1. Return a whole-number percent for the relative contact order of the chain, with Cα pairs under 8 Å and 6 or more residues apart as the contact set.
2. List the extent of the Cα atoms of segment 1-152 along each of their three principal axes, largest first, rounded to whole Å.
3. Let me check I've understood the local charge: for G54, count other residues with C-beta under 10 angstrom from its C-beta, Lys and Arg +1, Asp and Glu -1. What total comes out?
4. Given the Cα-Cα distance of D206 and N136 and 0.36 nm per residue of separation, how much length would full extension add, in nm?
5. Non-local amide H neighbours of I7 (under 5 Å, H modeled in plane, Pro and chain starts lacking H): which ones?
6. What is the list of residues in segment 12-56 whose amide nitrogen lies under 12 Å from a point 7 angstrom out from the Cα of K90, following Cα to Cβ?
7. For segment 48-115, what is the convex hull volume of the alpha-carbon atoms per residue, in Å³?
8. What pairs in K148/K222; K90/K195; K146/K195; K67/K195 have C-alpha atoms more than 23 Å from each other?
Amino acid sequence: MNGFIDIKGRLHETVTFTPESYLFKDAAFVLLHEGLGCVELWKNFPQNLADAMGMDVVAYSRAGYGKSSPVEVPRELSYMHEEAEEWLPKILKTLDYQRIILVGHSDGGSIALIHAGSCADERVSGVVTLAAHVFNEPVCVASIEKAKIAFQKGDLRPALEKYHGDNVDVAFWGWNQAWLNPGFLNWNIEEYLPKIRIPLLVVQGDADEYGTEQQVDAIVSKTGGAAEKLMIKECRHSIHRDAPADLIGAIAGFIAKYQLV
């Protein structure tokens with residue numbers, strides 16, 4: 001499925017990456033992008049993951065990103081809850097798979113955790129988080145403040161415009177204004193973790209500029225199900241770009257260990 005998922009007039013850009021040869025035709029990964037991401041910004045990771053695992057990988061751009069429908073800004077500070085509890089379930093209902101593994105990067109990882117701890121589709125058998133946040137941290141705020149300067153005065157806006165087009169300002173300010181809002185300093189989703197019953201693979205780079213290892217330790221220690229922790233050396237926030245081979249190998253081991261497909 002390449003095109004758009006239309007949910008009550010709200011279009012979500014969607015691409016399904018198919019493997020060179022199938023091992024599992026009734027299962028798929030669903031990728032949830034970061035706060036400035038979209039389908040295209042996953043680069044070649046979805047196809048490499050599909051080929052390595054022998055199963056489909058579905059990537060979609062949330063509203064306000066990529067080629068998807070725009071949204072109003074500023075966003076509500078509960079925007080990740082809205083994505084996890086309202087829009088992700090509707091996206092998943094359009095997909096015809098018996099097993100689904102969510103792979104979420106940064107904001108997408110947080111969305112996956114909220115979903116798994118609240119209204120998870122019964123077909124979701126596991127979650128992989130990449131640099132997910134469950135609470136706000138000073139290092140995150142500092143990096144997002146730097147991103148604001150780079151967007152206003154540097155080359156970040158034209159770099160993002162290549163991928164988000166007319167959505168570039170919506171994508172950036174919807175994310176940036178929320179995280180830098182004083183009301184967001186106490187943002188915390190740890191309450192969802194004990195309600196998660198499916199296996200988690202929790203991955204972070206040891207040089208992540210947006211979060212510390214405390215995020216990983218909180219997720220692993222407080223989840224209600226099994227959890228695997230992986231810290232990747234000399235790896236920054238975009239794990240799928242900095243260490244793709246290590247990441248795909250870890251996902252393969254995780255899937256096999258817990259027989260998720």
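1. 19 percent
2. Computed over the Cα atoms, the extents are 45, 32, 29 Å.
3. Once positives and negatives cancel, what remains is -2.
4. Here the answer is 23.4 nm.
5. Those lying under 5 Å, H to H, from I7 are H12.
6. From segment 12-56, the list is 12.
7. Here the figure is 111 Å³ per residue.
8. Table pairs above 23 Å Cα-Cα are K148/K222; K146/K195; K67/K195.
Just so you know, all these numbers are worked out from the coordinates, no wet-lab data involved. Remember, it's a predicted structure, so these values are computed and weren't measured experimentally. Methodologically, a virtual Cβ is constructed for each residue, glycine included, from the backbone with ideal geometry; neighbour enumeration extends over all protein chains shown.
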